[in-house]
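K.L.:
Okay, here's the structure, questions in a sec.
The values are calculated or read from the model by the stated rules, or taken from the named source; none is laboratory data. On a predicted model such as this, the values are computed, not experimentally measured, just so you know. Please note: Cβ atoms are built from the backbone with ideal geometry, for glycine as well, and neighbour counts cover all protein chains shown. When the accessible area is computed, the model is the full protein with side chains, heavy atoms only, and any ligands, DNA or RNA have been set aside. Shrake-Rupley method; radii C 1.70, N 1.55, O 1.52, S 1.80 Å.
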Amino acid sequence: GLRWRTTPSLARYAAALTRGEAPPREHEPLPADVLRRERVLLGLRLDEPLSLAGLEPAVDRAAAERLATLGLAELHAGDNGELLALTRRGRFLGGGVTAELLA
């Protein structure tokens, strides 16, 4: 639930290294809705289908069905609920398809 990055300031980064310290990090707490959306964004890039369990508030179900009808996504029943995967064509259009899925 926390995103972090090393400071983007080159001066602070170099100064920390000169002192023999780790460069400072910036932290950003992530709300649950952001975590769900990012799970969809990243999960659809994987080779295995994405489980929709717990992601329902982030995924537009009607859009998923439209994309399946258009041959851009596939919906399957899985052991822990419904699974979503992009087809080869859907992966080619990945960013637009994913944007359509997010509610």
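K.L.:
Using the Cα centre as the reference, give the magnitude of the dipole from point charges on the C-beta atoms of the chain (Lys, Arg: +1; Asp, Glu: -1; all else neutral), rounded to the nearest 20 debye. All intermediate terms of the calculation are to be shown ahead of the outcome.
P.N.:
Numbers: 14 positive and 14 negative charges, 102 e Å.
Value, rounded to 20: 500 debye.
K.L.:
Still on this structure, I have one more. With a 1.4 Å probe and all protein chains left in place, how much of the accessible area of the chain comes from carbon and sulfur atoms, in whole percent? Working shown, then result.
P.N.:
Numbers: 3750 of 6840 Å².
Percent of accessible area from carbon and sulfur atoms in the chain: 55.
K.L.:
Now for a separate question. So how do Thr6, Thr69 rank on accessible area, 1.4 Å probe, biggest first, that is with the largest at the start? Please list the in-between numbers first.
P.N.:
Values: Thr6 50, Thr69 120 Å².
Largest to smallest exposure gives the sequence Thr69, Thr6.
K.L.:
So the label point goes 7 Å from the Cα of Leu10 along Cα→C-beta, right? Which residues of region 23-51 then have their backbone N under 19 Å from it?
P.N.:
Counting only backbone N, you get 23-25.
K.L.:
In bins 10 Å wide, starting from 0, what share of all Cα pairs of region 31-103 does each bin hold, as a percent?
P.N.:
With a bin width of 10 Å, the distribution comes to 22, 62, 16, 0.
K.L.:
Something else: Please list, by residue number, every one of the trypsin sites (Lys or Arg not before Pro) in region 44-103 that is coil in DSSP and has at most 16 other beta-carbon atoms within 10 Å.
P.N.:
Numbers: sites: Arg45, Arg61, Arg66, Arg88, Arg89, Arg91; in loops: Arg45.
Answer in residue order: Arg45.
K.L.:
Any chance you could run the full-extension gain for Leu42 through Arg91? It's 0.36 nm times the residue separation minus the Cα-Cα distance, nm to one decimal.
P.N.:
On the way: separation 49, 0.36 × 49 = 17.64 nm, distance 1.23 nm.
Gain on extension, Leu42 to Arg91, equals 16.4 nm.
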